[in-house]
């Protein structure tokens, strides 16, 4: 689908289809890979992110639309169009993006060659490299391969989602009509995909694992009477949705475990292949896999599963990657023996990755051994594979603290990890709660309860993102650390509800989904509308990942029509159409895509001069507002408010990495309003450095 068609569709509607808006977001990721000012390995990483995003899009969103094809009449209202038509538009757009992707990769290869980094294939090996490859294959790679002779099997093998395969055609020269097909899974989970060959003339040569296997196919099939071996990469993407029924005789943990094991058996939703594949072999796969017009069949280049390029080797050349940005130290946390004692004195924010996640870990470790700490409660949506957070919780339980972990087993693609850590925590005596029936627990909270025998005090950490040390170095997230009773007492209520679902509460300060968040946000917007009608200052500034919920969008349109000035920073999907006369002319939307993944959610409401500030785990999507446990906490401290406003204003001022979101969905970069470039993520890093310098001077 062309940009013009995209634009015309948006003009006709008040709502942009979420799938098409998501594709527009992923195009912004591809823009980063095309950015010639970025280091080359970082550009490859963005190609990897683009590819990984596309995989998940097909596993989740395309799979959902395909299932809705059986209910086309009702689905049209649900997804904003006929499923079949949307799938057609998706395929058209994806093929255009694939061509753009291949062009960018080719340009990056040429740039790498100028840095004496050469990506070569099996046909470009010199003598020294041939010896190296043959030895490596014989000693380390050959034993990892399990070739399947397709002509001999009674049942076609189950292709694994997320894997790539070499589809092999074996023939014999001078013998017409004699051939066989074979299939080899490329073992990228067991062996590095990027193999560095011995340097020659100071050139760093890299060959991909699949090309090593291609080169050695004569070894793989040496017992067969063939002398010609051709191989092309194929890849299948499957429906990844987990259907958890309400069978009361089977525990949720068992259902999720079974769902993870069965994921590879999901229906195919995309088949990607090397466009140069032998036509007879392609026809064989389409027929055998029972692919039809409802499946997305996409011709591509020689290589697939570019998600692996997120781990492309740095090769010791600092020019190839971004300059490291060490986390800025928080003076008050560096110079204290007790982080809990700092929270006692004042609320503070940590903004990752500008600040280190280690402060949160240090606080948990402190709580684990502090005799005044009686209990720790935490929500866990995603954790690192070797989680320091969980280790600290286990340590707390071993020290006699009452530890409660609310674990969301349905955190997509992290179910297996969450199940593993749930078992570890249960064995350590932690009270593990598997969410709330019918609702995902997506809110990010920690509650530490202390008592010295005379006084009980609660400390809360409310976050926009997961308590995940890996994500904290890549995602921009904000954590509020507070002992403010207005907040901690209500965080305690949320945990009580999570433990005892029959106990419900009202909330005066927190916005909690599905209890009151939607209603309270509407009330805040209504206040701005009323102020606009009275000719008082009326405005909103919001930073979110996705804006999809139609009711919320129409509420924003209502506010815009009333004269409320609305500035939005939306990283991903934006189904709202800004800048339309008599509908959204007072709404401005930008999207920032840069080296860190923008993930924090901040809401600011003008409130006639008495501004209201919130940070939240929730995007403005129907699932977050109505079908998940989400929390938005108010921020009361004036210095913290200033910091949040600075973060939002930085994104709105960005004229380097900000794109304007409009009805054309063309992702134009925001133009320089002056001769001074302003890149918000770098400016924020420098802002935090300056703040800490000032604190040191005051000491």
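The values are calculated or read from the model by the stated rules, or taken from the named source; none is laboratory data. Fair warning: this is a prediction, and the values are worked out from it, not measured in the lab. In this analysis, Cβ positions are derived from the backbone assuming ideal geometry, glycine residues included, and neighbour counts consider all displayed protein chains.
The set of residues in the range 281-294 that are touching a residue at least 40 places away in the same chain (Cβ under 8 Å) and either part of a helix (DSSP H, G or I) or in contact with a strand residue (DSSP E or B) (Cβ under 8 Å, 6 or more places away or on another chain) (or both) comprises 281, 284, 285, 288, 289.
The condition of being more than 25 Å from residue 463 (Cα to Cα) and crowded, with 16+ Cβ neighbours inside 10 Å holds for only one of 661, 647, that being 661. Within the range 173-189, the only residue that satisfies the criterion of being more than 20 Å from residue 133 (Cβ to Cβ) and in contact (Cβ under 8 Å) with a residue 60 or more places away in the chain is 181.
If you go through the range 13-37 and keep only what is assigned to a helix (DSSP H, G or I) and over 9 Å from residue 573 (Cα atoms), you end up with 26, 27, 28, 29, 30, 31, 32, 33, 34. Annotation: residue 471 fulfils all but one of (1) in contact with a helix residue (DSSP H, G or I) (Cβ under 9 Å, 6 or more places away or on another chain); (2) at pLDDT below 95; (3) crowded, with 19+ Cβ neighbours inside 10 Å; the unmet one is (1).
Considering only the range 503-523, I want to know if a residue exists there that is touching a residue at least 40 places away in the same chain (Cβ under 8 Å), more than 25 Å from residue 587 (Cα to Cα) and not in a loop (DSSP other than H, G, I, E, B). Looking through the range 503-523, at least one residue is touching a residue at least 40 places away in the same chain (Cβ under 8 Å), more than 25 Å from residue 587 (Cα to Cα) and not in a loop (DSSP other than H, G, I, E, B). Looking only at the range 10-36, filter to residues that are surrounded by fewer than 18 Cβ atoms within 10 Å (Cβ to Cβ) and within 18 Å of residue 88 (Cβ to Cβ); which one of those is modelled with the highest pLDDT? That would be 13.
Take the range 296-318 and flag every residue that is more than 19 Å from residue 99 (Cα to Cα) and not in a helix (DSSP H, G or I). Those that are more than 19 Å from residue 99 (Cα to Cα) and not in a helix (DSSP H, G or I): 312, 313, 314, 315, 316, 317. Would a scan of the range 39-60 turn up a residue that is assigned to a loop (DSSP other than H, G, I, E, B) and modelled with pLDDT of 85 or more? Yes, some residue in the range 39-60 is assigned to a loop (DSSP other than H, G, I, E, B) and modelled with pLDDT of 85 or more.
Annotation for the range 100-114: no member residue is assigned to a strand (DSSP E or B) and surrounded by 12 or more Cβ atoms within 10 Å (Cβ to Cβ).
Condition check ((1) assigned by TED's automatic domain parsing to the domain that holds residue 140; (2) touching a residue at least 40 places away in the same chain (Cβ under 8 Å); (3) crowded, with 19+ Cβ neighbours inside 10 Å; (4) out of contact with any helix residue (DSSP H, G or I) (no Cβ under 9 Å at 6 or more places or on another chain)) across all residues:
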| residue | (1), (2), (3), (4) |
| --- | --- |
| 166 | yes, yes, yes, no |
| 171 | yes, yes, no, yes |
| 191 | yes, yes, no, no |
| 196 | yes, yes, no, yes |
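All told, residue 278 meets the bar of being touching a residue at least 40 places away in the same chain (Cβ under 8 Å), under 30 Å from residue 233 (Cβ atoms) and in contact with a strand residue (DSSP E or B) (Cβ under 9 Å, 6 or more places away or on another chain). Residue 162 falls short on exactly one of the conditions (1) under 38 Å from the mean Cα position of the chain (by Cα); (2) buried (at least 19 other Cβ atoms within 10 Å of the Cβ); (3) modelled with pLDDT of 95 or more, and that condition is (3). Just one of the listed residues (556, 541) is free of Cβ contacts under 8 Å to residues at least 60 places away in the same chain, surrounded by 14 or more Cβ atoms within 10 Å (Cβ to Cβ) and either within 30 Å of the chain's Cα centre (by Cα) or closer than 24 Å to residue 647 by Cβ (or both), namely 556. Restricting the range 569-587 to residues that are without any contact (Cβ under 8 Å) to a residue 60 or more places away in the chain and in contact with a strand residue (DSSP E or B) (Cβ under 6 Å, 6 or more places away or on another chain) leaves a set whose member that is nearest to residue 30 (Cα to Cα) is 587. Residues in the range 112-151 that are under 30 Å from residue 31 (Cβ atoms) and in contact with a strand residue (DSSP E or B) (Cβ under 9 Å, 6 or more places away or on another chain): 112, 113, 115, 116, 117, 118, 119, 120, 121.
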